[in-house]
Structure formats: C-alpha cells, structure tokens
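For reference, the structure discussed in these notes is given below.
The values are calculated or read from the model by the stated rules, or taken from the named source; none is laboratory data. Only a predicted model underlies this, so the values are computations on that prediction, with no experimental measurement involved. Using ideal geometry, Cβ is built from the backbone for each residue, glycine included, and neighbour counts are taken over all protein chains shown. For accessibility, only protein heavy atoms count, side chains too; no ligands or nucleic acids. Shrake-Rupley method; radii C 1.70, N 1.55, O 1.52, S 1.80 Å.
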Amino acid sequence: DKRKTCRYAGLLKEEFNTFFEPSGHGAEAMRDTITGEELLPDEEVYSFSKGKVSEMKAIDDRVKKITYQQKEIGRKLRETDLIVVSDVVLPYWKNEVVTIEPAGLGFHYYFLNQDDLLAASAKLKGSADHVNVITLNGKNLDCDFFKGTPQGANNIYSLEFYGGNVVPVDDDGDVKTFEDLVEGVKDEGFRRLGVLRMDVDNLGSIFQSGIPDHEATLSRYAALSRSLDWFFSGYLNRIWMEVAPETTYIVYSGGDDLFIVGKWNDTIKLAERIKHDFDKYACFNPNFSVSGGTAIVNPTFPIMKGAEASEKEESKAKGYQNGDKSKNAFSFMEMPLGWDVEFPKVKAIKNQIFQMLSNDELPKSFLSKLYLHYAKAEIVDKNDRNAIGNLKTYWMMAYDFGRFKSLNKKNEELLQLVDRCSKDITNNVFDGVNLHSKYHALELWYLAARWAELEYRTELETLNN
C-alpha cells in the first residue's frame with residue numbers, strides 16, 4: 001500500500017530529463033485540435049472529418065491517430081453487432097472494418113456488423129482461435145448469427161451491455177448538436193441544457209456489510225455487481241428510449257453511475273424515472289437508493305465545466321440530510337430535495353402553477369411578488385431548520401397576497417393557490433403538511449414557482465402550437 005501511494009517516485013531518478021529538461025517543440029508545434037497534445041514531426045496526422053492526410057499544415061481539424069480512431073469507434077458503435085477481440089492481427093479484417101489496438105498492448109478490437117461477417121464467412125470457419133466474440137446489447141441473438149462468427153478452438157462467446165448505444169439524429173441522419181437538443185424553443189424561450197449525474201448511494205457499505213459473513217462468497221459479490229451493471233448498462237437504454245430519445249444523450253452509463261446531457265427539463269424527467277425504476281429493480285429495499293443532480297447551463301457552455309457543475313449538484317444531493325435519513329435525493333438549482341420527502345410535493349405544486357400559466361389563469365405578478373418576498377426574507381438556519389430572519393416579510397406578504405386575492409375574486413382555483421401559499425409560509429408547512437424538512441416553506445414555494453416558470457418558458461412554442 002505504501003509503494004502504491006508513491007508509485008512514480010522512482011521516475012524522478014530514472015527519467016530525470018523527462019521531468020526537468022525542455023521537451024516538445026514550443027509554441028511552433030502543431031497540436032491536436034481536440035486534445036491539445038503536440039503532433040510530432042514524424043507522426044501520422046488525421047483530419048477529424050476526412051481521415052488520414054499527408055500535409056499537416058493544410059487542415060484546420062488535425063488530430064492524432066488515436067483521437068480519430070476514438071471518433072470512428074463512436075460512430076461505428078451505432079451499427080456494431082459484435083466486437084471480436086484477438087491477441088493477433090486477423091488479416092481478412094485488416095482494412096475492411098474499424099479496428100483499434102488500445103495503447104499498443106497487443107490486443108486488437110474489431111467492430112463488426114452482420115455484413116462484415118457475411119463478407120468473410122468462408123475465411124472465418126476454423127480460422128481464428130482464442131478470440132473473444134462479444135455481442136452488444138442483445139443484438140442478433142440467434143443461432144444463425146453465431147454461425148457466422150469465428151469458429152476456431154477455445155473461443156469465448158459472450159453478451160455485454162453498454163449505455164448509450166443509440167443517439168438522437170437530425171433529419172439528415174447526423175448526430176444532433178447540443179444546440180439541436182434544445183431546438184424548437186423560441187428565442188424568448190428558456191433554451192438550456194441539463195447535465196445529469198447519478199449514482200448508487202452507499203455502495204461501498206453495501207458491499208462491505210450488506211451480505212452476511214456466512215454468505216459472503218465471491219459468486220454473491222459478482223452477482224450483485226453484475227446486477228447493478230445490467231441496470232445501468234442495459235435497462236437504462238430502455239428508460240431513455242421511453243422518456244427522452246430525441247432530446248438527450250447518454251454520454252456514459254455503467255457500473256453504478258451515469259452521465260447524461262440533454263434538454264434541461266427532460267434530464268429531470270429521466271432522473272425521476274431512473275429513481276422509480278431502480279427502486280422497483282431493487283425490490284424497494286431501503287438500503288438501495290440513488291442520488292443525483294442536474295446542472296442547468298447554456299447550450300454553448302463548455303461541457304467539461306457543465307460536468308463540474310453537475311458534480312457539485314450531485315454532491316449536494318449526497319449531502320442531503322433529513323433527520324436520520326440521508327442521501328436518496330436529487331439536486332437542481334442548488335437545492336437538494338429528498339426523493340421521498342420534498343421532491344414529490346414541490347413537483348405537484350410546480351405542475352399546478354405550470355398548468356395555470358399555460359391556461360393564462362395565473363398572472364405573472366403573483367410569481368414576481370413571491371420572488372420578491374423570497375429575496376428579502378433573509379432565510380437563516382435555526383436549530384437545523386430554516387426560518388425567515390426578516391420578520392417584515394410576514395406582514396408584507398399578507399398585504400400583497402390579500403390585495404392580489406381582492407383583484408382576482410372570480411378565479412376560484414387561483415384564490416385557493418394563493419391562500420395555500422400564504423398559509424404554508426406563515427405556518428412553515430408545505431401543502432398543509434409538516435414535512436419535517438430543513439427548508440422553510442417559502443424556499444420550497446420559490447423553487448416550485450421558479451421551476452414552473454422556466455418549464456413554461458421552455459415549452460412556450462409547443463403550448464402555443
């Protein structure tokens with residue numbers, strides 16, 4: 001363990017020049033336009049859009065070979081039926097299919113579809129030994145298909161899943177850009193991306209103490225790990241297809257976590273569906289839960305910075321506490337909500353406000369007054385529960401809401417909404433119920449109203465049509 005913490009210490013002596021002598025070609029060096037790495041004079045150069053080129057300076061999108069290969073793999077995976085892994089070069093696929101040898105370790109990965117197999121069917125019979133044949137996401141699982149794969153000795157045939165095997169495309173068949181994901185929103189609408197991250201809570205504790213000592217076998221640990229991976233690598237694709245296949249990407253999903261980018265409100269819908277289905281998958285075992293967060297960013301915002309912002313939202317969810325309950329939460333707009341505590345209540349109020357905005361039954365002046373009182377309330381933490389520090393808020397709110405009701409006497413639903421809001425904030429309950437939440441009711445009403453307004457602005461064009 002001690003050696004592992006300083007595994008590179010010997011390199012300071014063994015490769016002194018690498019650390020302390022000038023290297024590279026300075027400001028004159030050409031660089032990979034994706035990774036920023038220097039391109040060496042004798043290195044193969046590729047155009048990110050066109051492939052291998054002979055003249056480095058003649059192109060603007062120059063990249064290293066490995067960068068180009070990764071891009072090609074991403075494209076090829078959409079139509080890949082299986083992967084063949086071999087420790088020797090298989091010559092009959094050398095030029096016809098996408099292949100890569102990661103890090104030059106001697107293992108060759110061939111990305112194939114059924115047409116590739118048929119083209120080389122005669123050569124495949126008994127031609128490749130000791131290869132691993134992996135079919136992806138349940139594609140073409142039939143006996144005739146496997147007859148077309150390498151039939152040599154000691155081959156391994158397996159099935160694997162991965163999240164994100166399909167991506168949203170535009171009318172021309174091209175992969176949608178981030179701007180495309182939020183298209184359809186008018187210029188005055190709220191055009192934003194959501195960057196979603198989620199993972200299983202307390203997974204280390206589950207592996208350490210979730211299985212009794214007398215039942216702690218390697219096969220049980222493997223089964224638990226495999227079951228989690230099946231949900232995040234396999235079943236998550238179905239959730240995505242049913243909820244938001246045209247407006248979101250699964251950038252990564254596997255193991256016990258995920259990373260999704262898409263239209264901001266659709267990422268929240270995805271998170272809620274994932275939470276719901278994961279509870280069912282775990283047979284509602286209270287020891288299994290998922291937490292996550294969505295960062296809401298401009299579609300032109302650097303996605304790596306968006307990932308950092310979503311990590312902070314996820315951390316807020318992981319830090320959620322309500323009495324003796326912790327985690328099992330979702331955070332956005334920098335407010336973590338317990339999945340089973342605040343989230344359903346806030347969502348219900350949000351839905352009502354959204355519906356009333358859509359039907360022109362709720363004047364926006366109500367939202368403006370609510371936001372103003374929230375801004376001036378000076379929320380403070382008192383005995384692990386938030387309270388209004390500026391007491392003037394109570395009578396100013398009573399005056400404003402009372403006047404608002406007198407001007408809208410004919411709209412019964414609106415009167416009930418305003419009356420409920422006023423009573424909740426005065427009594428520090430939410431929807432008439434004490435949630436035993438650390439938040440003050442004014443904070444939850446503010447979040448519900450803000451959520452509803454942004455969703456209304458996002459869906460404005462759809463509603464008008």
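Greater than 28 Å separation of Cα atoms is the criterion. Which listed pairs, 312/347; 325/350; 65/305; 269/316; 13/65, meet it? Before the final figure, lay out the partial values.
Details: 312/347 22 Å; 325/350 25 Å; 65/305 26 Å; 269/316 19 Å; 13/65 31 Å.
In this structure, 13/65 exceed 28 Å between Cα atoms.
Please compute, over every Cα-Cα pair in the chain, the percentage with a separation greater than 39 angstrom.
On the way: 43609 of 107880 pairs.
Percent of Cα pairs beyond 39 Å in the chain: 40.
Just to confirm, what accessible area per residue do you get for the chain at 1.4 Å probe, in whole Å²? Numbers along the way, then the final one.
Working: 25710 Å² over 465 residues.
Normalised by residue count, the accessible surface of the chain is 55 Å².
Once the whole set of protein chains is in place, how much accessible area is left on residue 54, using a 1.4 Å probe, in Å² to the nearest 10?
Solvent-accessible area, nearest 10 Å²: 120 Å².
Between region 250-282 and region 318-361, what's the alpha-carbon centroid distance in Å?
Answer, in whole Å: 16.
Please compute the contact order of the chain in relative form: average sequence separation of alpha-carbon pairs under 8 Å and at least six residues apart, divided by the residue count, as a percent.
Numbers: 678 pairs, mean separation 47.0, N = 465.
Relative contact order for the chain comes out at 10 percent.
Keeping all protein chains in position, work out how much accessible area residue 436 exposes to a 1.4 Å probe, and write it in Å² to the nearest 10.
Answer for residue 436: close to 130 Å² accessible.
How do the peptides 289-296, 335-342, 248-255, 201-208 rank, highest first, by the average count of neighbouring beta carbon atoms within 10 Å per residue? Working shown, then result.
Numbers: 289-296: 26.2, 335-342: 22.2, 248-255: 20.8, 201-208: 14.4.
Ranking the peptides 289-296, 335-342, 248-255, 201-208 by packing returns 289-296, 335-342, 248-255, 201-208.
Share of the chain's accessible area from carbon and sulfur, percent, 1.4 Å? Don't jump to the answer; show the numbers that get you there.
Numbers: 13030 of 25710 Å².
Whole-percent figure for carbon plus sulfur exposure: 51.
If you count, for each residue, the other Cβ atoms within 10 Å and average over each peptide, how do 42-50, 425-433 line up from highest to lowest?
Numbers: 42-50: 14.6, 425-433: 16.3.
Descending packing order for the listed peptides: 425-433, 42-50.
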